[in-house]
Every structure is written in structure tokens, then in C-alpha cells.
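What follows is a set of notes on a single structure, which appears directly below.
The values are calculated or read from the model by the stated rules, or taken from the named source; none is laboratory data. Being a predicted model, the structure only gives us computed values, none of them experimental. When we count neighbours, we look across all protein chains shown, and the Cβ atoms used for this are built from the backbone with ideal geometry, even at glycine.
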């Protein structure tokens, strides 16, 4: 929090110098104005800086070769930023030794990663969040995947990445853990799958699908 | 091999569960899996994009085919390529009645689009319809999309339905509806402010999953407004108690812990609610104590809860018992072999240190180990801890270490951070000014382009203002040493721009001040700078102004000025510069050279950068003049609004009075106008446009007399004034003529001051109190560090300081310093000595030698003058490690012994290789996925 304030202060100071360099120096009016604005920003900033949100910013599955297996972005990133993030992070994470901690500090965020066989699961969180918890969320996800695919392997995720997405959607929503019970997640996924089976059998009949689902 | 491949293919197909992917898709995935390079992958994807573009345009694509195309698009997008050509098809698919297709459509749009995408508007209607669907799975799919895609404008469109869904029969829907509301709240708090009570109600939902999800929005709400949720403390404590007593369904257990994620969320909320609230804190003592007892520290999740407890305790007002528990948990973390736990331990230590300062003391060795750990993350965390522990007695060692680390890393983001921390610590705790300047030089040299410009201005101000004492000698000495160090550094190649600016400014201002260096020497150096960094206009500008100052000082002291040839050529070059700023500076310099000494002196007085200038912003000193002008027939001032019709009058007025309205009034306005749209050239003369806004911000004190006299005193000066203003960068202003330059300077000063104050009040208020009492316990560690690692450098810098100033010079640049620092200095002596004794005795035998040494060290360094036996002290100091290593070793071995017991269990045990897993592995291999060879059982093992 404190750093944010400091950051704001510095930004406005920069703006301030910028402004003051644009104007003739005798224009004290502007400067007074600037200072007031600056103070105002400082105060305004301080009043809402107290609010801290914890959330997962993105989930990333990368293979040991740096190939992307799954990405889910909860905070807005452009396609360009995404590739950059992936490149940067896989560069750092893949090169880390096995004994080191599972967290890295990265651009003011923290990335928690865990390696399962040849696959790295990464989640990006805020700096003040509980890293061990996120590590366990990763593990939780893997356990659910494992239960769903039956001893999951990378191949399952490669070919069924959309199912991995569905499962992730049941686990995390808008960057927050929505369900911590494996059973509940499994139940809703299987309900969806039954529906899919039904759809396969009687693809034309919508009423049947609904009947199946609400049964 | 070929056979294996076919089996693999079949297996892969089998695991699709018949989802109908075609061979093409499997081939695509496979070929990407097999691609050996990024370029190859890109090529495959690009050709796939071509194929898809064509196929999507075909008329009457069967729906199942379309679904597959969409999934292929998702795949392409996931690989980082642009699939935007197909977004519209995904959007169309959400309209489909078939749930299977709809779900695929929703998945694709949530992955493709973000909330501000143009296509969102096409989906909102579908979402609305689906939210009303009878099929809860449809509703769930729509809610997933709501959580991702609805933005502030579209919230009202779906809000009523989402609120209705809070009472849906299926808990999965309720849960998602809550998460959706939570997201709305984040996007636009006002849109759901009337629904806040719903969250409270949902806390009592019969389904624990819904309750758990409700904690997310409640956390946000509480962090915004703690006071209005105080009544919930008891409910949260009750829930947590029930959770820990395993009242929740078994399905929420995770690794034998009852609903740990809910526990953690609750702890986070409780920390918010009871921070600084004694009675609320007391309600939590019981359950927190229980948690410490119940948490299984051999599992990761148990440790996660323990860590959350520590965080919670660091926020609330803890009981001594809880602090003890927390300290114990931390020491377990620190002693563990796992880097993760060490990391958490360091973090916890940083949190608890605010409350109970003697915790760090027991772990000094662990901390130093972490500092030397090859793991970068751990190292950074430890630096963060050190940063929190810094005080005036250990600042040198810590900052030295930080700078060493800063130099060694390439990560700009972190470099910036650590540089700013160095600066902050140096500003706050600098033992001497020389040291401060040295540190600043280092920071600028290695991270110059990353530090905030404010830091540079602070440094310049510090050098200019001296240190708040009336000791001109010391100030001059400092300036001289700064000048000397800069003259040394200046010839190094590739200095950061900001640093060069500081150097140029200081050289200009003080280069010739004490006569040690000749003007031509300094100006030669400055010309070199301008030449060497010819692409950097800012630096050039600084250099030219510095030149101007040097010549001005020469002229003012009636010495003859010979402009160096290279200087002359520089000026000539700049006279034709494309940058108006540089051009103007050059012209000014040229003009200045032609002036006589008296005039020059009043333009650029020596060492006047700190003079405050008061500004009369009402221009009341002009009243008499205006009166006179009006009496002699001039038009009175017409405000902008009135003037809109009467342009002629003003022009009249302008032409009539032009020559007489005096240069300053004219100039004043002419420069002011560019910012707001210029109403008319003529009106510019007359204070017009920005006036109203100024009046609304009345702040600057008014002093008529000074500015009047100044203005009257020199015509020439005024002219130059107007000119000079143009380039006003705050740092120069200080040096140039008092009347023109100082307004910004003063303003700048206030801004920095005020924000320094703000920062200090937010930051130092909390550490300050603890710093004082913390003294005793960090010092031994510092000593070890100092002795074992930095014995040389720290002792030298220390003796340096002693000899130069004979004690601390407390006052620093920032305005609040004089008040706080001097107070701090005298205190430590008794404080430390008092503290030393008890801690020394209470502490374990292993750390005793440190204590004693520290006592010695502290008393001698704190009573200021004792420069004589500094070296002697250090030699005893240096022997410290020898004495202590034995105890250190024993302690370490103890640690590892104890930790070995606990943490080996937590290491995952490798299960037996099942046949199935082997098969899969083989498959993976030949599909080009390249699993790691050492662990063929893949996930199963880790999970088994």
C-alpha cells in the first residue's frame, strides 16, 4: 500500500516537473495549481488505496519445452502482452532449479508455479497474497483433473484442453476460488458430460437434452 | 515404433470420448506437439489459420463441424496467434439452442473476448435469455460468461436476472450468481450497492460451497468499509470454529484438513475486521490458538493455514500466547529444508517484526543463510525483510548489500524497486552526508535510468541546501567532495542521463565555488559531456546552463572570461539547434556573455539556488501602475467572458499601451497563454485566461514589496527573465536569477516536501516506533554481516564518516527530518544499553558472543566522537566469527536435525510405476511431448 502511494507521488512529481518545464518559470500560477492537483491526487489516492483485492490474474500451463498447453487470463491482457508474459515467464520458470521455491516475484506480482512431470502449472497472484494457498489451489486443480481423466497426463490436456477449461471454470471464476470441494466440481462436470453424451445420441432433439439434464 | 505410434493415436482418439474431433484437428495438435522450434510451430499455425479462414466462410457449415472449428480457433488463440477473424462465429454459436454447442460458444467467447470488446453487445441478449433458462447447466454457462464479459455499461441489463438466481434451487447456480455479483461490485461498486445485504444473507446458505463463495465478495466489501461489518466478527469466528471442528461435509476436506480454503479466506477476513480492534481480536484468540494446535505442519496446506494465521496475528492485537505460537510457527518455517517454507518464514518474520522485535533476533543466522541463498526469490524476500529492519545503526551494511545485489541483476523492474529502497533508506538513515552522496552516486551509476527523477532533485537540493546546520564549512566541504567525485566519474562512458543531469547541475553550481578548479577546466568537462551525449537534449540543456552559470560567476567576480573554443563551437552549434529549448539556452548564454558584471550578478547570484522567492500572484504591485494607465486614458481590464464580444477594444488597448505596459507584464502573459487556447494575441498581454482558475486556488502568500523591487531593479533582468522561463526545469531554476527561477523551485520544494511528509507519515510512522526498540536485536546479525562480509567496506565508510564530521549529522533534505532524526540519535544510547542486558541474558547461549560484541560496538559507535579506536574495534569485531562459528555450527546442525524429521515426510513419495502410466508415458514421448525421463509415472505418482 505504501509503495503505491509512493509511486503515485513519484508519478505526479514527474508530471509536475514535466509541466513546469513546459511553462515559463514565472508562471507560478501554474505551479501552484500543479501542487494543488498533486496534493489532491495524493489524498485521493490514499483514500482508496486501502482497498486490497486478492485474485489470480492468469493461469498458465507450459510444458518443459516452453510449449503452451493452457492459458486463462482473468485480468485483461492484449494478445501481444500475453505472448510476452508467456515468453518471459517460461524463460524464468523453466530455468529454475528443482530445489528452489515455487514462487517468483515478477513485475510486482508473484507467480506461483508447480511442476507435474513435464508440465508446469503457473498462477499469477498479487504480491500480498498467500503463496502456499495458491500452490494448493494448483494442486487441487491437478487432483480434479486427475480424478476426471483418470491418472491424467499431459496428453490428456493437449487433446482435451477444452475440457480442462471447463473444469477450470468450475474451480475458479473471475480469478477467485469458487469451489473447494472436489466432489461438487466432479458432479457438475459429469452432469455436463452426460448432457454431451445425450447430445451425441440424439443430437437433434433439444427437449430430450433438457429432460436429461433436469432429471 | 510405427506400431506404437498407431496405438498412441488410437489411445488419443479414445480419450476424446468420441467428441467428434476430426482427423485434421488431431493432426494439427500432433504436428504442433512434434514441432521442434517456435518458427515451425508458427508456420503450422499460420497455415491452419488460412484453412480455418476459408472453411469458416463456406456456406452452410454443419454445426458439429463449426464446433470443431471454434475449438481449433481456441487452440490457435491459446498458442498466441490472432484468431479474431473467427470471433463472430463463436458469438453466433452462443445463440445456438443446442446446449453442447452453446457451451462451446460460451467457452470460446470467454477466452476470446474481454469485457470491452465490440462484440459483447451481441452476446448480452443471449446471456439474458440463457439466465432465464430452465436448464441449470445453461444458466451456469451463461453465468460463467457473465463473470468474464459483462462490463460496467451492461451490468444493468443482466443484474435483475442474476439477483433472481441468488435463490435458485441449484447451489452451483447460487454460487456462480454470487461470484457474478462480486464481479459487478468490483467493476462498479455503485451498481450493486443496494444488494450488499444479499451477501450477508448468503453467508447463511445451506450449502457450504455457496457460503465459501460468499466470502470472496465479503472480503472486498469489508476491506472497503470495516466499520459496518464489525457485527459479523462473531459469525466468522463461529464459522471458522465449526470448520475446524469438521462440521462441514467430508467432501470439503483437502489432505485431511477440513475445508482449508474456506479457513484461509475466513482468516483473511478476520484479519481485516479486527485490525486494531481489541475486543474483536479477543474473540479470535481461542480459535486462532486452536488452529495453531490443530494445523498439521507436515502438509503444504497446513502450512498455508499456519502462514495465514501468522498474517492474521500480525494484523490484529494479539495476545502474548498467540505471538509465541506465531513465533514458533515461523521458526519451524525457517528451519525447514523447503525453500517455500523458508520464504514464508522470512515473510512472516517481516510481518511480526512490527509487533514483537525480539523475534528476528533468534533467527539471524537463518536470515543470513537466506540472504546468501542462490534462490533469487528467497534473496529478494530477505532483502525486503532487511529493508523493514533497517535503522541508522545497520543502514550502511544493508544498503551496501542491496547495492551489490542491484548491480548484479538485470531485471529492470526489481532493479527499480531496490534502487528506490536504497534511496529511501539512505535518505532516512544516512549516517553522514558523504556516505549519502556516495550511495546516491552508486545508485545513479548503476540504475540511473530507473530511479525516479525526484531522487535526482532531492540530491541536488541536498547538495545545495546543505544539511540544515549553520555550518557553512561542512556544506562547502561536502560540495567540494561532490564536485570531486563527479569530476572523476564524468569521464566514464555511458552514464545514465539522470546522473549526468545531476553532475552538470552540481558542476555548474559549485564547480568553481571554492577556487580549486578553474572555470575553463570545469567548462571543458561540461563541453565534453554535451559532446559525448549529443543525442540527449536534456543533458545538453543541463550542460549549457551549467556553462552559463560558470561564466556568470566568473563575470560577476570581475574575472576575465575566455570562452573555450570547443565551448564556442558548442554554442554555435546549439544556436542552430532544432530544439527550441537548447537554442534558447544558447542565445541566453550568448547574451549573458555580453553583459556587465553587475547585471550578471543579479541574474545569476552565486549559490542562490535555495533562496525562496515569494510570489505575488495577485500582481497587486501593478495596481499603482494600472491606476496610472487608466487615468491616462487606458481601457480598464475586461475579463475574458466580457471580452468575447469586444475584441477590438482590447486590441486597441493593447496597441495603445504596448510600449508602456512594460516588458514584464507583457512577457508574463505571453508565456502563460500557450496552454489554454489562446483567445487573442492582444489579450495575452493582460492576464486574462487562466485567471479564474487561479483565484479558485489561492495558496501562495503575497508579498508585494519584494517582487516590486525586484522587477524595478533591472530592466535587463526582466527581459532575460522572460526568456529564461522558457526552459524552466526545476533544477535549473534554483541556480538562475532569484526572481525568475525560484517560483518553480520553491514550488518544487514544497511538492517534494509535502510528499516526503506524506510518505514519511504513512511509512515511517509505523516503522519508526519499532525501529527504536528494535535496535538491539538486529545488530548482532549486522555485525556478523559486517565482520564476515563487509568488514572492510563498512569499517572504512565508518571511519570515513567519523573523520569527516565527528559524529552524525542528522538533518537531511526532507523537511521532517530535523525533527525526527536528532531525536533518534541520542536515544539509542541508553535504549540500546538498556536493551542489551536483558536480551543478552535471555537469549540462547549460541548468540551470546554477538550480544557482547554488539554492546561494545554500539556504545562506541553511538557516542559519536570515538573515531580513534574504530579500527581497533573492528579488529575485535573481525574475530567474532571465529569465536562464534562453533556455536553457529552446532545450532545449524540442530536445525537440520529437527527439520529433517518433519520435512522428509512432506516430501512426496514416489509410487510404484503402474503399467498404465508407463504406457501413457510412451505415448507422450512419441507424440512429441517429451516428458521428463526421470519420472515416467507422471501425475499419478505425484498425486498417488
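Results, tabulated for the structure shown:
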| read-out | value |
| --- | --- |
| When residues of segment A:87-105 are limited to those that are under 15 Å from the mean Cα position of the chain (by Cα) and at the interface with chain B (Cβ under 8 Å from one of its Cβ atoms), the one surrounded by the fewest Cβ atoms within 10 Å (Cβ to Cβ) | A:105 |
| Tally, over segment B:263-311, of residues that are touching a residue at least 60 places away in the same chain (Cβ under 8 Å) and assigned to a helix (DSSP H, G or I) | 1 |
| Test set (1) surrounded by 23 or more Cβ atoms within 10 Å (Cβ to Cβ); (2) closer than 23 Å to residue B:551 by Cα - residue B:454 fails condition number | (2) |
| Residue that is surrounded by the most Cβ atoms within 10 Å (Cβ to Cβ), among those in segment A:142-169 that are touching a residue at least 40 places away in the same chain (Cβ under 8 Å) and touching a strand residue (DSSP E or B) at 6+ places or on another chain (Cβ under 8 Å) | A:154 |
| Condition broken by residue B:59, with the remaining ones in (1) at pLDDT 85 or above; (2) more than 13 Å from chain A (Cβ to nearest Cβ); (3) surrounded by fewer than 17 Cβ atoms within 10 Å (Cβ to Cβ) satisfied | (1) |
| Given (1) at pLDDT below 85; (2) within 9 Å of chain A (Cβ to nearest Cβ), number of the condition residue B:81 does not satisfy | (1) |
| Test: residue B:114 is without any contact (Cβ under 8 Å) to a residue 60 or more places away in the chain and under 27 Å from residue A:85 (Cβ atoms) | yes |
| Enumeration of residues in segment B:200-245 that are loosely packed, with under 14 Cβ neighbours inside 10 Å and within 14 Å of chain A (Cβ to nearest Cβ) | B:206, B:225, B:227 |
| Residue ID - surrounded by the most Cβ atoms within 10 Å (Cβ to Cβ), chosen from residues in segment A:170-198 that are within 7 Å of another protein chain (Cβ to nearest Cβ) and within 22 Å of residue B:105 (Cβ to Cβ) | A:173 |
| Residue B:386 being part of a helix (DSSP H, G or I) and free of Cβ contacts under 8 Å to residues at least 24 places away in the same chain | yes |
| Matching option when the condition is within 14 Å of another protein chain (Cβ to nearest Cβ), closer than 25 Å to residue A:82 by Cβ and buried (at least 17 other Cβ atoms within 10 Å of the Cβ), among B:137, B:107, B:100 | B:107 |
| Flag if residue A:167 is in a strand (DSSP E or B) and either facing chain B (nearest Cβ under 9 Å) or farther than 30 Å from residue B:351 by Cβ (or both) | no |
| Strands (runs of 3 or more DSSP E) (entirely within segment A:50-112) containing at least 2 residues that are in contact with a strand residue (DSSP E or B) (Cβ under 6 Å, 6 or more places away or on another chain) and more than 19 Å from residue B:412 (Cβ to Cβ) | A:56-63, A:68-73 |
| Total residues in segment B:493-531, condition in a loop (DSSP other than H, G, I, E, B) and over 30 Å from the mean Cα position of the chain (by Cα) | 8 |
| Unmet requirement for residue B:345, which otherwise passes all of (1) in contact (Cβ under 8 Å) with a residue 24 or more places away in the chain; (2) surrounded by 22 or more Cβ atoms within 10 Å (Cβ to Cβ) | (1) |
| Residue in segment B:341-361 that is at pLDDT 85 or above, in contact with a strand residue (DSSP E or B) (Cβ under 8 Å, 6 or more places away or on another chain), on the phi < 0 side of the Ramachandran plot and within 14 Å of chain A (Cβ to nearest Cβ) present | yes |
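So that you can scan it fast, the table gives a plain yes or no per residue for (1) without any contact (Cβ under 8 Å) to a residue 24 or more places away in the chain; (2) touching a strand residue (DSSP E or B) at 6+ places or on another chain (Cβ under 7 Å):
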| position | (1), (2) |
| --- | --- |
| B:190 | yes, no |
| B:216 | no, yes |
| B:225 | yes, no |
| B:240 | no, no |
| B:247 | yes, no |
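Residues checked against (1) surrounded by fewer than 24 Cβ atoms within 10 Å (Cβ to Cβ); (2) in contact with a strand residue (DSSP E or B) (Cβ under 6 Å, 6 or more places away or on another chain); (3) touching a residue at least 40 places away in the same chain (Cβ under 8 Å); (4) assigned to a loop (DSSP other than H, G, I, E, B):
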residue	(1), (2), (3), (4)
B:540	no, no, yes, no
B:544	no, no, yes, no
B:547	no, no, yes, no
B:550	no, no, yes, no
B:554	yes, no, yes, no
B:560	yes, no, no, yes
B:567	yes, no, yes, no
B:572	yes, no, no, no
B:578	yes, no, no, yes
